[in-house]
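The values are calculated or read from the model by the stated rules, or taken from the named source; none is laboratory data. As the structure is a computational prediction, the values presented were derived from the model and not from experiment. Virtual Cβ from ideal backbone geometry, glycine too; neighbours counted across all protein chains shown.
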Amino acid sequence: MNAPLQGHTVSKPNATAQALLSVNKVSLEYRTRQRVVRATHQVSFEIDLADRFVLLGPSGCGKSTLLKAAAGFIQPVEGEIRLQGQRVDAPGPDRIVVFQEFDQLPPWKTVKQNVMFALLASKTLKRKEAEERALHYLEKVGLAAFAEAYPHTLSGGMKARVAIARALAMQPKILLMDEPFAALDALTRRKMQEELLLLWEEVRFTLLFVTHSIEEALVVGNRILLLSPHPGRVRAEVHSHQYDLHSLGGVAFQASARRIHRLLFDEGQSPETERELDFADIRIAY
Ligand SMILES: Nc1ncnc2c1ncn2[C@@H]1O[C@H](COP(=O)(O)OP(=O)(O)OP(=O)(O)O)[C@@H](O)[C@H]1O
Ligand SMILES: [Mg+2]
């Protein structure tokens with residue numbers, strides 16, 4: 001069984017009737033000449049405006065595939081994805097993806113030109129406005145002084161900030177991030193998580209964030225969808241809005257992390273046992 005978790009209606013009484021992004025019983029597959037690989041099986045979730053929604057699960061459970069489907073690069077074989085009620089069937093400037101590799105920045109363009117590029121290419125803005133908008137978001141990520149620098153002169157953390165500024169400059173309806181900090185060292189990663197939260201406090205964008213780190217999920221997300229191993233199915237949804245970087249190492253934070261770990265990896269555990277242990281902030285799908 002893989003019961004859809006109609007999360008926001010139960011847990012967020014003030015939510016509007018329509019979710020910003022709704023993923024309804026979505027199965028995703030890769031077809032090669034030899035075989036069909038099912039990446040996710042009937043996954044459902046709903047993301048509301050200004051959510052920081054995290055997809056968490058082991059390697060190969062289909063997190064990146066789900067994100068690509070939300071971006072419109074892959075079509076479901078079953079179910080559907082809607083953004084503000086409109087079926088997602090192609091990529092669009094209302095959904096911008098930030099990937100893990102920072103060498104996604106063309107090296108021959110300056111930082112500012114990198115941020116302006118999508119705005120100009122999509123004809124969203126004229127050159128002057130694009131430049132103003134680029135500088136505005138570079139300032140928000142603390143890189144105003146590096147607008148004229150070339151990407152190869154930046155550290156990994158700085159490249160990550162440029163990628164975030166470039167995405168936010170498009171003012172998408174939802175920002176899609178696939179393990180954006182995974183290539184960074186532990187200290188820089190933590191710093192980037194903190195900056196992302198500060199930026200969210202200021203801009204209040206809607207975020208779909210993929211990670212396989214339980215700790216990162218608890219820090220970054222206000223809601224976390226736990227996916228079972230390959231093919232990914234919804235295991236549970238966790239409410240984690242109470243945590244931030246200051247919660248790291250705290251008793252409640254550690255208890256939530258342990259429970260998530262059990263849900264993700266103790267496949268043998270019976271649902272009854274889990275339900276007895278249920279926390280108010282976790283809802284189990286199966
Ligand atoms: N281009 C592809 N062709 C065939 N199968 C693929 C392709 N990309 C991914 N898969 C398969 O689909 C499944 C889900 O892959 P996906 O990359 O979405 O996992 P993931 O959860 O993002 O993993 P990770 O944490 O390692 O990034 C895996 O079994 C993977 O082998
Ligand atoms: Mg992935």
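If you scan the stretch 77-103, which residues turn out to be within 16 Å of ligand 1 (Cβ to nearest atom) and closer than 20 Å to H212 by Cβ?
V97, V98, F99, Q100, E101
Those residues that are in a strand (DSSP E or B) and away from ligand 1 (no atom under 15 Å from the Cβ), I need them from the stretch 46-76; list them, please. Break it down stepwise before answering.
From the stretch 46-76, those in a strand (DSSP E or B) are 46-47, 52-56; that's our starting set.
Residues satisfying the conditions are E46, I47, R52, F53.
Tell me which residues, restricted to the stretch 199-214, are within 16 Å of ligand 1 (Cβ to nearest atom) and surrounded by 19 or more Cβ atoms within 10 Å (Cβ to Cβ).
Going residue by residue through the stretch 199-214, those that are within 16 Å of ligand 1 (Cβ to nearest atom) are 208-214.
Within the stretch 199-214, L208, F209, V210, T211, I214 qualify.
Would you please list the contacts, defined by Cβ atoms under 8 Å and residues six or more apart or on different chains, that run from a residue in the stretch 93-117 that is free of Cβ contacts under 8 Å to residues at least 60 places away in the same chain to a residue that is part of a loop (DSSP other than H, G, I, E, B) and of a type in the set (D, E)?
T110/E148; V111/E148; K112/E148
Might you check whether a residue that is in the same structural domain as T211 (by TED's automatic domain parsing), in contact with a Pro (Cβ under 8 Å, 6 or more places away or on another chain) and away from ligand 2 (no atom under 12 Å from the Cβ) occurs anywhere in the stretch 62-71? Before the answer, list the steps.
The first filter runs over the stretch 62-71 and keeps only residues in the same structural domain as T211 (by TED's automatic domain parsing), leaving 62-71.
Retained after the next criterion (residues that are in contact with a Pro (Cβ under 8 Å, 6 or more places away or on another chain)): 62, 69, 71.
Keeping just the survivors that are away from ligand 2 (no atom under 12 Å from the Cβ) gives 69, 71.
For the stretch 62-71, residues in the same structural domain as T211 (by TED's automatic domain parsing), in contact with a Pro (Cβ under 8 Å, 6 or more places away or on another chain) and away from ligand 2 (no atom under 12 Å from the Cβ): present.
Would you pick out the residues in the stretch 185-214 that are within 16 Å of ligand 2 (Cβ to nearest atom), touching a helix residue (DSSP H, G or I) at 6+ places or on another chain (Cβ under 6 Å) and of a type outside the set (A, V, I, L, M)?
F209, T211
If you scan the stretch 145-167, which residues turn out to be more than 26 Å from the chain's Cα centre (by Cα) and over 18 Å from A183 (Cα atoms)?
A145, F146, A147, E148, A149, Y150, listed by residue number.
Condition check ((1) surrounded by fewer than 20 Cβ atoms within 10 Å (Cβ to Cβ); (2) modelled with pLDDT of 95 or more) across all residues:
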position	(1), (2)
A145	yes, yes
A149	yes, yes
T153	yes, yes
A163	no, no
A186	yes, no
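Pairs only if they're at least six apart or on different chains, beta carbon under 6 angstrom, first in the stretch 135-151 and under 20 Å from W108 (Cβ atoms), second crowded, with 21+ Cβ neighbours inside 10 Å and β-branched (V, I, T); list them, first residue then second.
Qualifying pairs under 6 Å: F146/V111; A147/V111; A149/V111.
Give me a count of the residues in the stretch 167-184 that are within 12 Å of ligand 2 (Cβ to nearest atom) and surrounded by fewer than 23 Cβ atoms within 10 Å (Cβ to Cβ).
Adding up the residues that qualify gives 3.
Among (1) surrounded by 24 or more Cβ atoms within 10 Å (Cβ to Cβ); (2) within 8 Å of ligand 1 (Cβ to nearest atom), which single condition is V37 missing?
Among (1) surrounded by 24 or more Cβ atoms within 10 Å (Cβ to Cβ); (2) within 8 Å of ligand 1 (Cβ to nearest atom), the lone unmet condition for V37 is (1).
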